[in-house]
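Notes follow the structure.
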Amino acid sequence: MEVPFLLHTHQRWSMTSIWFCLLLVLFVQYWQPTTSSATFLVGLGSYDITGPAADVNMMGYANMEQIASGIHFRLQARTFIVVEPGGKRVAFVNLDACMASQLVTIKLLERLKSRYGDLYTEQNVAISGIHTHAGPGGYLQYVVYIVTSLGFVRQSFDVIVNGIEQSIIQAHENLRPGTVSVNKGELLDAGINRSPSAYLNNPSPERSRYKYNVDKEMTLLKFVDDEWGPVGAFNWFATHGTSMSRTNSLISGDNKGAAARFMEDWFKQKSLDEIDIVYPEGLDTLKINEGSPRRVSTIIPRLPSGVDELKQIASSFQASGGKRVTRSFSVTRRLRSSFRRGNRPKFVSAFCQSNCGDVSPNVLGAFCTDTGLPCDFNRSTCNGKNELCYGRGPGYPDEFESTHIIGERQFRKAVDLFTTASEQIKGKVDYRHTYLDLSHLEVTLPSSDGNKRVVKTCPAAMGFAFAAGTTDGPGAFDFQQGDDKGNAFWKLVRNLLKMPGKEQKECQHPKPILLDTGEMKKPYDWAPSILPIQIIRIGQLVILCVPGEFTTMAGRRLRDAVRTVLTSGSNGEFDKNVHIVIAGLTNSYSQYVTTYEEYLIQRYEGASTLFGPHTLDAYIQEFKKLAAALVGGQSISSSLQPPDLLDKQISLLPGVVLDLTPVGVKFGDAKIDVPLNSTFKRGDMVTATFWSGCPRNDLMTEGTFSLVEVLHGTDTWAPAYDDDDFSLRFKWSRPKKLSPQSYATIEWRIPETAASGVYRLRHFGASKSLLGSIKHFTGASRAFVVV
């Protein structure tokens with residue numbers, strides 16, 4: 001009787017042992033260190049910040065006549081967040097906007113405080129503008145920057161704050177284990193020095209250290225998710241956002257916004273190559289050497305190959321007529337929303353601004369519009385007139401083509417750096433931030449006798465040459481670059497606003513003061529005085545965040561000064577190969593920063609260096625303090641805070657009263673349709689005009705005003721191109737200035753990569769009634785054939 005019992009006991013012990021061993025194996029596997037290559041948590045996000053596409057003055061050229069009236073392509077806020085496990089985090093936001101705004105930064109940080117507590121603050125969040133001159137203005141808080149926009153524009157402000165917040169939320173929610181790599185290389189044909197006479201005033205030994213009179217180096221960060229692979233890239237390169245001219249009225253991200261579109265499209269097409277897609281004949285994914293990529297909407301079935309058969313199909317689809325729709329219909333039809341593959345984060349690419357102060361994308365040089373001859377070297381005039389001197393882009397005389405070319409050149413270099421990036425970022429994530437009062441900051445400088453002397457910065461002031469503009473956008477009247485004297489008439493006009501005192505004149509010398517903005521306080525501050533500076537560290541990459549436009553040599557001096565502090569005081573933590581980039585136009589805006597020698601020449605950049613000849617020295621002194629604190633692990637404290645002037649803002653821009661159409665016409669009806677039975681070839685322009693409402697009624701955020709649809713099968717229309725595509729333009733107009741009637745014209749330049757098939761144009765819009773209610777509508781053109 002005992003033998004079976006023994007056998008049973010042995011069986012029980014064996015089963016227990018087996019389960020114990022299995023649990024032990026699972027325990028060991030679960031708790032053993034992972035073999036992941038992740039060194040950080042990384043997350044990226046992007047969100048639409050396209051402002052009002054009607055009635056609002058554009059920010060950048062200060063041209064009162066440059067009023068938004070449509071969209072070239074939409075604007076984005078793009079964010080990356082990097083977290084050191086168990087350590088600190090940083091968030092960097094790149095805006096398709098002219099510059100950052102102190103008021104935007106203040107209100108954004110308030111929202112982040114409410115949502116995340118102390119996780120994201122002024123210390124570790126940087127907001128940088130790409131410096132496009134084709135975005136709606138009115139979102140800054142100081143008077144001098146919103147005069148041409150008739151004051152503060154709440155819509156412009158709100159859409160930027162909302163978009164930044166949403167992009168940060170996306171990046172935060174996308175945080176996952178991953179790696180960051182860095183790469184850099186030269187891009188030779190995307191920028192020239194537009195003020196070479198000022199650059200030549202820098203010491204010859206200093207200039208001899210550099211091969212070019214502008215910085216040609218692009219530095220790129222590549223972000224890789226451990227599970228999904230590459231999820232984004234941010235790069236810094238110096239060239240102005242002035243490929244689009246001062247007469248352009250379509251909202252555009254200019255060359256950097258275009259480059260970002262091209263790279264995001266390239267990566268999406270690259271991703272589509274990894275899955276099984278059947279393309280119609282003539283459509284293939286675009287290779288890097290075949291030109292700039294475009295979006296591909298979805299799987300496209302094969303269509304009849306005969307032109308006659310396509311025409312017959314197209315003839316059965318007449319204009320749809322205007323129809324009421326919900327707001328969400330525009331969003332769901334937007335093409336880019338179709339590119340998310342499961343839970344994979346969307347690829348985000350940003351082309352950030354650097355020390356672009358004297359760098360122009362108009363690389364053919366500056367010429368006189370009357371004679372075709374080069375402009376005067378020292379003053380950029382033509383027979384004494386600055387209004388006739390214009391820089392020429394590589395696509396001259398087509399500014400859209402110039403934007404495309406300069407954007408494509410940056411895109412191609414970024415792809416090259418992205419695909420060859422091998423240096424992995426390793427080390428700490430850290431940051432330092434403080435505020436400076438640049439209206440009277442003491443600066444200690446070495447003197448020729450070996451001692452030191454103390455100088456001061458000045459309250460902000462703009463010189464006469466500021467009004468002359470640049471070769472990218474010349475000013476008016478009789479102002480000239482290089483003017484260090486001014487003239488009696490304009491001094492009289494100046495004195496009606498504010499006469500500068502003796503001390504201010506001496507402090508700003510040799511700048512002749514045209515506008516004493518730092519001492520103008522009515523109805524509120526005309527210019528900033530308290531400004532932020534910030535250093536962000538991600539391993540061996542250091543980002544110097546500056547609230548203005550540093551010239552080439554000014555940026556070089558700042559980088560060199562910080563590099564010396566980092567490498568001499570870090571006990572080997574930073575070596576000579578530390579990567580230092582300047583993020584221009586970040587967190588706030590205070591115009592230009594030149595070297596002392598460039599300031600003496602008083603070209604546009606020197607006249608726009610607000611705080612006097614020692615502005616750069618002040619920045620270098622204070623950045624060295626930040627760098628020393630970063631290396632030494634010390635904190636930086638400041639009792640200064642910039643003002644919040646939101647409650648003081650004045651807006652003189654009238655609101656939309658109502659929208660009307662003629663009797664018997666609906667919003668969305670075609671006013672001028674595509675010609676009947678039309679057939680177009682690649683490269684042709686297709687146009688249709690619709691009865692519309694003012695685009696200020698609804699900005700169509702994350703949606704689209706214009707759409708090209710392609711026929712799938714016999715009765716299904718799929719989105720093919722939208723507001724985000726370089727080939728499609730949305731133009732809005734009124735028959736008369738104060739008319740309640742308006743039109744929306746959609747222009748589609750058919751890309752060489754477009755598939756043969758049946759297409760139509762569609763418009764989305766919103767109308768306002770006299771009682772203030774907003775109703776959304778859509779309408780489509782008759783169908784046409786592309787062969």
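Rank 75, 253, 527 by how far each Cα sits towards the positive end of the charge dipole of the chain (+1 on Lys, Arg Cβ; -1 on Asp, Glu Cβ) and give me just the farthest.
527
Place +1 on the Cβ of every Lys and Arg and -1 on the Cβ of every Asp and Glu in region 585-706, take the dipole about the Cα centre, and give the residue among 589, 655, 615 whose Cα lies farthest towards its positive end.
655
Can you tell me the dipole magnitude for the chain around its Cα centre, using point charges on the Cβ only (Lys, Arg +1; Asp, Glu -1), in Debye to the nearest 20?
Values: 85 positive and 79 negative charges, 187 e Å.
Dipole size: approximately 900 debye.
Give me Rg over Rh for the chain, both radii from the alpha carbons and Rh done the Kirkwood way, two decimal places.
Across the chain, the Cα-based Rg/Rh ratio is 1.03.
Find out how many positive minus negative residues lie around residue 253, taking Lys and Arg as positive, Asp and Glu as negative, among other residues whose Cβ is under 11 Å from that of residue 253.
Neighbour charge sum, excluding residue 253 itself: +1.
Provide the gained length on full extension for the span residue 316 to residue 416, in nm with one decimal, where the gain is 0.36 nm per separating residue minus the Cα-Cα distance. Write out the running numbers ahead of the final one.
Values: separation 100, 0.36 × 100 = 36.00 nm, distance 4.67 nm.
Value of the extension gain: 31.3 nm.
What do you get for trypsin sites (Lys or Arg not before Pro) in region 496-533 restricted to DSSP loop and a cutoff of at most 14 other Cβ within 10 Å of the site's Cβ?
Qualifying residues, ordered by number: 521.
Could you give the size of the charge dipole of region 637-787 about its Cα centre, using +1 on the Cβ of each K and R and -1 on the Cβ of each D and E, expressed in debye and rounded to the nearest 20?
With only Lys, Arg, Asp and Glu charged at Cβ, the dipole is about 640 debye.
Given 783, 187, 236, which one lies farthest toward the positive end of the charge dipole of the chain, if we put +1 on the Cβ of every Lys and Arg and -1 on the Cβ of every Asp and Glu?
Farthest towards the positive pole: 783.
Roughly how big is region 428-493's charge dipole about its Cα centre, with Cβ charges of +1 (Lys, Arg) and -1 (Asp, Glu), in debye to the nearest 20? Mind dumping the intermediate values first?
On the way: 7 positive and 8 negative charges, 54 e Å.
With Lys and Arg at +1 and Asp and Glu at -1, about 260 debye.
What net charge do the residues around residue 686 carry, taking every other residue with its C-beta under 10 Å from that of residue 686, with Lys and Arg at +1 and Asp and Glu at -1?
That works out to 0.
Have a look at the DSSP beta bridges in the chain and tell me what percent are antiparallel, nearest 5.
Values: 115 of 136 bridges.
Antiparallel bridges: around 85 percent, rounded to the nearest 5.
Got a number for carbon plus sulfur as a percent of region 441-559's accessible area, 1.4 Å probe? Walk me through the numbers on the way to the answer.
On the way: 2700 of 4740 Å².
After summing per-atom areas, the C and S share lands at 57 percent.
Are there chymotrypsin sites (Phe, Trp or Tyr not before Pro) in region 315-384 that DSSP marks as loop and that have at most 14 other Cβ atoms within 10 Å, and which are they?
Hits after loop and neighbour filter: 377.
Loop-only check: which chymotrypsin sites (Phe, Trp or Tyr not before Pro) in region 438-531 are DSSP coil with at most 14 other Cβ within 10 angstrom?
Those satisfying the criteria are 477.
The values are calculated or read from the model by the stated rules, or taken from the named source; none is laboratory data. Only a predicted model underlies this, so the values are computations on that prediction, with no experimental measurement involved. Every residue, glycine as well, gets a Cβ built from its backbone with ideal geometry; the counts of neighbours run over all protein chains shown. The area values use the complete protein model at the heavy-atom level, side chains included, leaving out ligands, DNA and RNA. Shrake-Rupley method; radii C 1.70, N 1.55, O 1.52, S 1.80 Å.
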